[in-house]
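The values are calculated or read from the model by the stated rules, or taken from the named source; none is laboratory data. Treat the numbers as computed from the prediction; the structure is a model and nothing was measured. All Cβ positions, even for glycine, are placed from backbone atoms using ideal geometry, and neighbour counts span all protein chains on display. For the accessible areas, the whole protein counts, side chains as well, though only heavy atoms, and no ligand, DNA or RNA atoms are used. Shrake-Rupley method; radii C 1.70, N 1.55, O 1.52, S 1.80 Å.
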Amino acid sequence: MAHPELLLARLAAMALALGFGFGGLVGILDSGHPIAAVALLAALVLLHLRNCVRPPDGRRPAGWRWTLAAQAVLTAVGMIWFAGTWYGNSGFLAAAVLLLVRPPRLAWAGFGLVVAAQFVAALPVRPTVGEALYLAVGHAAFVGIALYAVARLADLVSDVRDTTLALAAAEVARERLAFGRELNERVGASLRDLVADGEAILARAEGARPRLDAALARARTALNEARSVAHGHRDDAGSAPRRAAADLGTGSVAALGIAAIVLMIAPTALRYAARADLSAGEWALLVAVLVTFVALYLWACLPPRPRWWLLPAAVALATAPLAVLDFQVWHVAYFLPGLSLVLLRGPVRWVVSVPLIGLDAVLYLWDANLGDPTVLGLIYEAVWSGERALLVLALASMAGLTARLVAARAELARAAVVHERLRFARDLHDLFGYSLSVLVLKSELAVRLLDRDAGRARAELAAGVEVARQALAELESVAVGYRAMTVEAESRTARAVLTDAGIEVTGEVASGPLHEEIDTVLSIVLREGVTNLLRHSTARRCRLTLERGPTQVCLSLVNDGAAGTSTGGRGMGLDNLARRVGAVGGRLSTVSEDDEFRLVVTVPLEPALVGGDADRVDAVAGVQPGDGRREVVAHRTHAQE
């Protein structure tokens, strides 16, 4: 469901388009072919709504080239057949060009071409070049910029909302920076104590049993703390916000607002002044008050938003010059509803704005209105004034939204460091989940073998101490990223660990040279797969294979002993792997069927620039090493029972 603000922005774009369409309709009703003219205009407005009222991410609609071409044809036909009354309708095509054509330079060139075409089309039917220029600039260009601006308002609303959500997630992430200290204090301290205990046991044989029991307890503590820290600091900040309004900044939006307001006010006033016989003093007064009124108008619409007193000042500027200038020349009072909508708040906004929108009907009672005194004429003037008030409100909203968006983007950029450091949590699980599981396994083996084969127990303990040293080194590597890893080296380590756990390992790993990123991702997948196998199954057999094809490589880890385990919830380890594999353009899948569990990863030989995938894989819940449901024993070639 669309956000309410986004829905309002879309409705504003549609209302403005329909308002301009109504104005065009009134203009062409007196043409010689009203039915054809109405059909032509209706098709043009509908095409504009399809092309320009866009989805939240700013995508261009499918087939936009064809619909834009259709708009161009319809506009050209209208310019030729209804040259005297079509002028404002050319703005629909001008807006579509700005919204759909890329890059922006080409779009603005196309916009200029449409305005120039309208000027050429008006020359034969207007008495002066100035009149033709007024139709091209005061109508076609103004309508095009107005429709473009209001359509982009929806983009700004969408971007502000998404960036605000991302910023909120970043604020949560900032609170999690305590993770680094927690990691070093808890996991690092346990690992350092474990290394010290292991070295002391290896140096002195006496009292080995209690020291080994203590070392095993420390290994389990380190493993549990690693899981606790990782699960307590999952990276759930979400994806980067969309950038539907990436090309809009405070400068470009201000320029757009200035252009729209100047084109809305100035051409009309100058056109009527050119028709009147003004003295030099009256011209000077007109130019002075016109510049002042436009400047005040812009001041009211651009941030930071000023106070309400600008509205009385504008009213004074709209009425005081009438002591010298005729209302036919100075009628900027028609633009006051836009200011009242922007500057006033609450019910007062509507109490003041609605009568101002209907100003022409009041002036008609005084015999001072400028338009057609018929009912249709009065409705047209009300729509004319209302659509311009809506445009001004939209422009002011764009300016405020852009200021908020720029500030939020700057804050989000500063928060990027926080998101990078949250990578720690995922890396902690992927690195230490494997290393600490092996450490627990080696410690358990040493305890079990101590009374039967002291030499073998010392060897297993020495291997465990070496794993602990490696884990400490990896603790430092989390801060800077993964070291280079190779899947062939990891597969040899995995075979040794699984064999020591009494699991029969089959299959071949023959990948050949791989891209470093692909090699590292496959190594991490293999580590986590072995970790899950040891933690969550009662496996006796495992098949590990790595096959390389012409364009991709496939890693498969299949084990028995999966019966009775749960697959109902998402596991952090395999969730993380799904993101990593998706980031290089690959796919991770798991299948648990009867007594068998299969982990299969397929990745391209070259990493794809596709970004992270969504979580898709569940871990297999089950037992922990040494919890009584799984007996860890040495391989029979090492210790016969």
(request) Run residue 65 past the list (1) under 27 Å from the mean Cα position of the chain (by Cα); (2) buried (at least 18 other Cβ atoms within 10 Å of the Cβ); (3) at pLDDT 85 or above and report the number of the one that doesn't hold. (result) (2)
(request) Return the pairs, sorted by first residue and then second, in which the second residue is outside any helix (DSSP H, G or I) and at pLDDT below 85, the first residue lies in the range 32-59 and is among the β-branched types (Val, Ile, Thr), the beta carbons are less than 9 Å apart, and the residues are 6+ apart or on different chains. (result) 38/29
(request) Among residues belonging to the range 311-333 that are in contact with a Phe, Trp or Tyr (Cβ under 7 Å, 6 or more places away or on another chain) and more than 17 Å from residue 343 (Cβ to Cβ), point out the one that is modelled with the lowest pLDDT. (result) 328
(request) Collect the residues in the range 423-478 that are at pLDDT below 70, more than 24 Å from residue 533 (Cα to Cα) and open to solvent by 30 Å² or more (accessible area, probe 1.4 Å), keeping them in residue-number order. (result) 423, 473, 476
(message) Could you check the range 584-619 and list, in sequence order, the residues that are in contact with a helix residue (DSSP H, G or I) (Cβ under 6 Å, 6 or more places away or on another chain), in a loop (DSSP other than H, G, I, E, B) and at pLDDT 50 or above?
(response) 584, 607
(message) Restricting to the range 479-519, name every residue that is at pLDDT 85 or above and not in a helix (DSSP H, G or I).
(response) 503, 504, 505, 506, 507, 508, 509, 514, 515
(message) I'm trying to understand the selection: among the residues of the range 269-314, which are part of a helix (DSSP H, G or I), small (Gly, Ala, Ser) and in contact (Cβ under 8 Å) with a residue 12 or more places away in the chain?
(response) 269, 273, 274, 300, 313, 314
(message) I'd like to check something: does the range 8-28 contain any residue that is modelled with pLDDT under 70 and assigned to a helix (DSSP H, G or I)?
(response) no
(request) Could you give me the residue pairs with C-beta distances under 6 Å whose first residue belongs to the range 391-406 and is closer than 17 Å to residue 11 by Cα, whose second residue is assigned to a helix (DSSP H, G or I) and not aliphatic (A, V, I, L, M) wherever it lies, and which are 6+ apart or on separate chains? (result) 392/338; 395/257; 395/301; 396/301
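If you scan the range 105-139, which residues turn out to be more than 34 Å from the chain's Cα centre (by Cα), under 22 Å from residue 46 (Cβ atoms) and crowded, with 24+ Cβ neighbours inside 10 Å?
Taking the range 105-139 as the starting set, the residues that turn out to be more than 34 Å from the chain's Cα centre (by Cα) are 115-139.
When the remaining residues are screened for being under 22 Å from residue 46 (Cβ atoms), the result is 117-118, 139.
Result: 118, 139.
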